[in-house]
Amino acid sequence: MNSLLWHHVHVTLPDREAAAKWHEQYTPANRVPPTKRSENLYWSPNLLQIQSTAVAPEPRNGHIESIGIGVLNLNETVAEWESAGGFINILTPYYAKVRDPWGLAFELVERSPKAYTHINIVTKTIEQTRNWYEENLGGTREVCEWDRTRLALKYDTMLIAFNQVNSTVFSDRRTIDHIGWYTDDVDATFNQLSINGVYFPVKPRDYGPVRLAFAEDPCGIWIEIHILPKYGKKM
Ligand SMILES: [Fe+2]
């Protein structure tokens with residue numbers, strides 16, 4: 001199938017404005033005017049949206065673990081996050097698992113481009129989950145260069161990495177709510193994926209000026225299918 005175009009990752013934090021200001025100040029992300037639902041940060045061309053109320057229910061068999069960022073110098077960036085109130089959970093020569101002051105999880109990787117570059121999904125069944133994304137949303141298989149135990153699918157501007165875990169019971173407070181792709185016809189994509197057996201907890205509907213729907217992956221993670229604007233994807 002043709003790959004859908006990457007749109008956004010949506011997170012839930014109680015103080016969305018303060019968090020957006022922090023990311024604007026301490027990362028190269030560009031904060032654009034908020035919408036009714038969300039704060040919006042572009043680290044070109046990818047979008048991070050911060051809402052204050054969760055949309056998706058807790059997934060059952062997996063978890064969106066972190067948002068990946070490509071950085072120029074890993075050690076320098078880790079030091080900057082720490083001095084700005086962030087937390088460092090794991091530091092390896094290749095990547096760092098960090099949190100912003102609100103506990104939102106990121107993974108810093110010394111790689112190009114300098115942007116929001118990847119999303120980490122953790123599950124016990126990485127191969128089946130990868131295959132589901134490939135069959136239903138497209139994407140091209142890639143090697144995850146900084147951790148070859150992960151499986152990965154590349155979409156136009158985003159990599160989805162599937163990380164093996166032994167348990168899907170997470171003690172973590174969930175902050176990453178859902179992930180989203182563009183399509184040029186929400187209803188046609190809904191019809192096609194429904195024929196494939198994909199469950200849509202939210203069927204196509206108009207939400208303000210946009211048309212969208214939410215599908216569910218095999219882990220119970222919600223996937224927003226969002227209409228591509230007439231002017232195309234913001235790059
Ligand atoms: Fe969303």
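Every read-out reported here was derived from the displayed coordinates using simple, explicitly stated rules and does not represent laboratory data. What you are looking at is a predicted structure, and each value in this text was computed from that prediction instead of being measured. Counting neighbours? That spans all protein chains shown, and the Cβs are built from the backbone with ideal geometry, glycine included.
A straight chain from residue 44 to residue 124 at 0.36 nm per residue would run longer than the Cα-Cα distance by 25.6 nm. Using just its DSSP H runs of length 4 or more, each adding -39500 (n - 2.57), the chain gives a mean residue ellipticity at 222 nm of -5500 deg cm²/dmol after division by all residues. Gap in Å between the Cα centre of segment 70-102 and the Cα centre of segment 115-132? Segment 115-132 and segment 70-102 have Cα centres separated by 22 Å. According to a simple spin-label model (label point 7 Å from Cα along Cα-to-Cβ), what is the distance in nm between residue 17 and residue 149? Inter-label distance under the simple model: 4.3 nm. Per residue, the convex hull spanned by the Cα atoms of the chain measures out at 118 cubic angstrom. What you get for the chain, charging only the Cβ of Lys and Arg (+1) and of Asp and Glu (-1), is a dipole of about 260 debye around the Cα centre.
Distances between placed amide hydrogens fall under 5 Å for residue 3 paired with 139, all partners being 5 or more residues away or on another chain. Hey, with R₀ at 30 Å, roughly what FRET efficiency would residue 24 and residue 207 work out to, going by the Cβ-Cβ distance, to 0.05? E between residue 24 and residue 207, to the nearest 0.05, is 0.75.
Amide hydrogen proximity for residue 117: with H placed 1.01 Å from N in the peptide plane, the residues at 5 or more positions away or on another chain lying under 5 Å are 68, 69, 70. Rounded to the nearest 5, the antiparallel percentage of DSSP beta bridges internal to segment 1-142 is 70%. Spin-label model, residue 135/residue 82: points 7 Å from Cα along the beta carbon direction are separated by 4.5 nm.
The reciprocal of the average 1/r between distinct C-alpha atoms defines the Kirkwood hydrodynamic radius, which for segment 153-223 equals 14.2 Å. The antiparallel fraction among DSSP beta bridges confined to segment 56-227 stands at about 65%. Highest average first, the peptides 193-206, 4-17, 157-170 ordered by how many other beta carbon atoms sit within 10 Å of their residues are 4-17, 157-170, 193-206.
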